[in-house]
1. Can you give the calculated 222 nm mean residue ellipticity of the chain, where each DSSP H run of n ≥ 4 adds -39,500 (n - 2.57) and the sum is split over every residue, rounded to the nearest 500 deg cm²/dmol?
2. Tell me, what is the percent relative contact order of region 97-189, built from C-alpha pairs under 8 Å that lie six or more residues apart?
3. Going by average Cβ density within 10 Å per residue, which order do the peptides 157-164, 101-108 take, highest to lowest?
4. Give, rounded to the nearest 20 debye, the magnitude of the charge dipole that the chain has about its Cα centre when Lys and Arg contribute +1 at Cβ and Asp and Glu contribute -1 at Cβ.
5. Test of understanding: what is the full-extension gain from Ile173 to Leu35, defined as 0.36 nm times their sequence separation minus their Cα-Cα distance?
6. Pick the calculated Cα extents along the principal axes in Å for this structure from (i) 46, 39, 38; (ii) 52, 38, 31; (iii) 102, 30, 28?
7. Could you list Val117, Val99, Val60 so that the one with the fewest beta carbons within 10 Å of its beta carbon is first and the one with the most is last?
8. Find which of Thr76, Ile23, Ala185 sits farthest along the positive direction of the dipole of region 9-186, computed with +1 on the beta-carbon of Lys and Arg, -1 on that of Asp and Glu, about the Cα centre.
Amino acid sequence: MQAIKTDIYEEVIIAGFGGQGIILAGKLLAQTAMLSGMETTYMPSYGAEMRGGTANSMIVIAQNPVASPMVTKPTTLIVMNKASANKFSPRVRPDGLVVYNSSLIDEIGQIDASVDVLAVPADDIAVELGNLKIANMVMVGAYLARRGLLEVEQAAQALPYVLAKRYHKTLPINIEALHRGAAVANNPR
C-alpha cells in the first residue's frame, strides 16, 4: 500500500487584465482540484472597470483543509500581462514557479534565482488556434504540465462545469488550448 502524500499546499495567483479570462482560469483550476479530490479555495478579484482593468484569482490547492483563501506569497504565479508581472512577481516564494505570457511580457524581473520561470507564447498560440480568448487555457495547460499536481485531462473534464452553457460549443478549442499549453511546458522553445 502506497502512502498518501499529505504535504501538498499550492498557492496560486493568476493575474492579468480584465477580459483575458483570469476569473475563468481561476475557477477552472479550483474546479479541477475539487473534482480530483483535493481541498481548494478560490477567490477572484477585479477592478471596478472590469474589461481592461486589473483582474486576479487566488487559488489554494491542498491535500488537507485550507484555512484561508488569501494568497500573499504564492508558490505559483500565472501572469498574462506586464503590469501584473511587475506587481506580483516579487511576491513569488523561493523555489516557486512563474508561468508568463511571453506574447505580452518580455521578461520577468525581481524574483528569487531559485524560481522556475516558464515563458509561454499564449496569445500567439491562441491566435494560431483561431481565438485569442483561449490564451488563458493555454496558460492553465502549461501550469498543469509544469507543476504536475493535476492533469490536463482532469481540467478538460472540469471545463464544462465552469464554462457557461452558451459557450459549450467552444469546449473542443478550449481543450486543445489546454493541450497546446502543456506541450509548451513539456518542450520549452
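1. Working: 6 runs with 69 residues, N = 189.
Here the helix-only value at 222 nm equals -11000 deg cm²/dmol.
2. Values: 121 pairs, mean separation 29.8, N = 93.
Reported as a whole number, the value is 32 percent.
3. Details: 157-164: 16.2, 101-108: 18.8.
Peptide ranking by packing, descending: 101-108, 157-164.
4. Working: 16 positive and 16 negative charges, 96 e Å.
That gives a dipole near 460 debye.
5. Numbers: separation 138, 0.36 × 138 = 49.68 nm, distance 2.14 nm.
Going from the current span to full extension adds 47.5 nm.
6. (i)
7. Details: Val117 15, Val99 32, Val60 24.
So the ranking, lowest neighbour count to highest, is Val117, Val60, Val99.
8. Ile23
A short reminder: the numbers here are calculations on the coordinates, not readings from a lab. This structure is a prediction, so every number in the text was calculated from the model and none was measured. Cβ atoms come from the backbone with ideal geometry, glycine included; neighbour counts cover every protein chain shown.
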